[in-house]
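The values are calculated or read from the model by the stated rules, or taken from the named source; none is laboratory data. What you are looking at is a predicted structure, and each value in this text was computed from that prediction instead of being measured. For neighbour counting, all protein chains shown are included, and Cβ atoms are generated from backbone atoms with ideal geometry for every residue, glycine included.
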Ligand code: SF4
Ligand code: SF4
């Protein structure tokens, strides 16, 4: 028979029940005897079945296909069925909390309504153009292969849980919905690319992302939502949907490096906001003055690279690739 | 230990104190900085250029690294963002085909990227290369009693694959470790690996300010005397926009944000003024009194 090693792990769980503790969350610690092959989910199920039947959690397939069991383990969102206990425990302890950025229904079960609302907001279905074909809408294989990665999304919400912008801005569409939107915008059969991109330019869309890479780090399916958001940004600029600070920032940044090799922060701000945008520039004045008083204002004519021409040459060669 | 010094745009622009303090501590730490090797280098693209064109961004970074390789020197960075962007490029350049494609462009200038000496942030070099024992032997001023909240900057923590955390697990806690080596106490808080909000400050100031306010006020309320960061972009946002963030929250925060080389400099016994610690928007006076140093 297979030999396995047992040990006891302290599992601290953030709990919350509308009928207990006035609905406030509280942490409860369980000592659980586990096998060395246990996943975090195995341990949680053991608690529910053998120690405390009141613990709420959500899971179904136990094989990282259904996307039901995203939770925070030691502060980071994970699919607990895919997470070996031995990998995450530190000094025989772990902390399990519900996903972030969504309201908690009970213990480790969150209300995914905001997640689905945003998903629906990007119209996650094909909107083809032209005559309806007799059979399926066909697409060449080569045009679809690069979408396989993004189609791997199992809608687990891990990325949404840990997105740093969603923590401070409720109306951000977030990594999962934006990745899904990319899936249709990049589909050659879809006919509403332009309108979709126009919608994503609005407040709460693609330009809200800080590129913090949390979604890239936590996604259990390597969907790489941030990379999709960046592709949406460049598609948006290609389609001349670029009269916003985000697009202007990206374009000015690129131009400054192209021409100077390195960055001039003053020019970047001026060009992003617009040289004649007096109102916005006036708002920046107090910041500039306090920096100046501290002796921190960046020099207007900043350094440049010693070999600007070579850098320009590289830009010329690759900028349209 | 000799390195090709990559100061980045910010330490030569809005954060000159970072440049100065780096140069000051390097001598004492036995780090020789070659400032000539990368004179014709470009900006890393800071992730912004990569939004539009990853191949172009990776080519520019490969070129910078190849310039250092030509002098047989590894690169030293002092910015989480520069470091992260270069580590990500190096990670993608491990692919042979991709490397060959990029080297084709570099050949025009007689350069070749090999990737044999990975780029490192000065914080990593201190922790990995100099190490606890040697570093502690150089400490002249124990910063006992000082309570410091770490703030890494996204690019020095994610994506962990490109930053090689699996090979070098010490990178995950390097800032806390260094804080303990100088005798200070770590004020741990969940925001330490979060985003400072800098990338969207000109695009969506309110959301950015909320991030600044949340991180600095949480650390302050946990008793931090200052926050320490290896990223000048985080420094800019957390320092320059802190008052505005405090105003939005209708409270006082007043948490000095210091650069890693300034912290190291204080511990090495350097004068605060040499480290330009007085050149911040949020005053460091109280902090310096705390460690009985005249501001
Ligand atoms: S990279 Fe953008 S979408 Fe992804 S977690 Fe960060 S802010 Fe959210
Ligand atoms: S993108 Fe990844 S983390 Fe986000 S919902 Fe889809 S599978 Fe989950």
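Things to note:
- Candidate set: the range A:40-74, residues that are closer than 14 Å to residue A:110 by Cβ and assigned to a loop (DSSP other than H, G, I, E, B); chosen: the one nearest to ligand 1 (Cβ to nearest atom): A:67
- Scope the range B:69-105; condition part of a helix (DSSP H, G or I) and under 16 Å from the mean Cα position of the chain (by Cα); matching residues: B:80, B:81, B:82, B:83, B:84, B:85, B:86, B:87, B:88
- On the stretch given as the range B:27-44, residues that are crowded, with 22+ Cβ neighbours inside 10 Å and either over 30 Å from residue A:319 (Cα atoms) or facing chain A (nearest Cβ under 7 Å) (or both) total 3.
- Selection count where residues are closer than 18 Å to residue A:253 by Cα and surrounded by fewer than 23 Cβ atoms within 10 Å (Cβ to Cβ), scope the range B:78-94: 0
- Any hit, the range B:106-117, residues being modelled with pLDDT of 95 or more, part of a helix (DSSP H, G or I) and closer than 30 Å to residue B:53 by Cα: yes
- Count of the range A:206-241 residues which are in contact with a helix residue (DSSP H, G or I) (Cβ under 7 Å, 6 or more places away or on another chain) and not in a helix (DSSP H, G or I): 12
- Residue within the range B:121-136 that is on the phi < 0 side of the Ramachandran plot, modelled with pLDDT of 95 or more and within 14 Å of chain A (Cβ to nearest Cβ) present: no
- Helices (runs of 4 or more DSSP H) fully within the range B:235-295 counting 1 or more residues that are surrounded by 24 or more Cβ atoms within 10 Å (Cβ to Cβ): B:242-249, B:260-267
- Cβ pairs under 6 Å, 6+ apart, first in the range A:142-163 and within 14 Å of chain B (Cβ to nearest Cβ), second near ligand 2 (Cβ under 8 Å from one of its atoms) and in a loop (DSSP other than H, G, I, E, B): A:159/A:219
- The single condition from (1) more than 16 Å from ligand 2 (Cβ to nearest atom); (2) touching a residue at least 40 places away in the same chain (Cβ under 8 Å); (3) surrounded by fewer than 24 Cβ atoms within 10 Å (Cβ to Cβ) that residue A:246 fails is (3).
- One residue stands out among those in the range A:134-189 that are at pLDDT below 95 and in contact with a strand residue (DSSP E or B) (Cβ under 8 Å, 6 or more places away or on another chain): the one that is farthest from ligand 2 (Cβ to nearest atom), which is A:137.
- Verdict on residue B:75 being surrounded by 24 or more Cβ atoms within 10 Å (Cβ to Cβ), away from chain A (no Cβ under 14 Å), touching a helix residue (DSSP H, G or I) at 6+ places or on another chain (Cβ under 7 Å) and in contact (Cβ under 8 Å) with a residue 60 or more places away in the chain: yes
- Going through (1) more than 12 Å from chain B (Cβ to nearest Cβ); (2) touching a strand residue (DSSP E or B) at 6+ places or on another chain (Cβ under 9 Å) one by one, residue A:217 falls short only on (1).
- Look at (1) surrounded by 19 or more Cβ atoms within 10 Å (Cβ to Cβ); (2) within 7 Å of chain A (Cβ to nearest Cβ); (3) without any contact (Cβ under 8 Å) to a residue 60 or more places away in the chain and you find that residue B:55 fails only one, number (1).
- Just one of the listed residues (B:65, B:25) is under 19 Å from the mean Cα position of the chain (by Cα), assigned to a helix (DSSP H, G or I) and more than 21 Å from residue B:102 (Cα to Cα), namely B:25.
- Given (1) within 12 Å of ligand 1 (Cβ to nearest atom); (2) free of Cβ contacts under 8 Å to residues at least 40 places away in the same chain; (3) under 19 Å from residue A:120 (Cα atoms), index of the condition residue A:203 fails: (1)
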